[in-house]
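None of the figures in this text is laboratory data; all of them are computed from the coordinates on show. Quick caveat: nothing in here was measured; it's all calculated off a predicted structure. Please note: Cβ atoms are built from the backbone with ideal geometry, for glycine as well, and neighbour counts cover all protein chains shown.
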Amino acid sequence: MTHTCRNCKRTFTSELRYELHQDKCSDETLVCSQCGGKFSERRATRDGWHYRCPNDECEGEGLGEDLRAVGDFTVAPTR
């Protein structure tokens, strides 16, 4: 039986792997399109208005621009 994450749409063949993944994945998780980093929304902002990638070596910023919610992505099946 396969398990699919509601937030990022990844599938898992093992229930244990799925449960471990759920501990790290939430609909509040952001992904930086420049460096590929995943982090919580809380780590990306200090004031709640301006968002920036927390990776020191990355210049990604802007919610909806370089930083996108995990739920915005879909995983295409491999052929």
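Report, in debye and to the nearest 20, how large the dipole of the stretch 1-66 comes out about its Cα centre when Lys and Arg carry +1 and Asp and Glu carry -1 on their Cβ. Let's see the in-between values first.
Numbers: 10 positive and 13 negative charges, 63 e Å.
So the magnitude is around 300 debye.
Database note for the chain: Cys without another Cys beta carbon under 4.7 angstrom, CYS5, CYS8, CYS25. Shown here for the stretch 1-61: GluC sites (Glu not before Pro) in loop regions (DSSP other than H, G, I, E, B) with at most 16 other Cβ atoms within 10 Å, namely GLU28, GLU57, GLU59. Each of ARG10 and GLU28 was given a label point 7 Å from its Cα along the Cα-to-Cβ line. The distance between the two points is 2.0 nm. Entry note, the chain: the mean residue ellipticity at 222 nm calculated from DSSP H runs of n ≥ 4, each adding -39500 (n - 2.57), is -4500 deg cm²/dmol after division by the residues and rounding to the nearest 500. One quarter of the surface of the convex hull around the alpha-carbon atoms of the chain equals 6.0 nm², the direction-averaged projected area.
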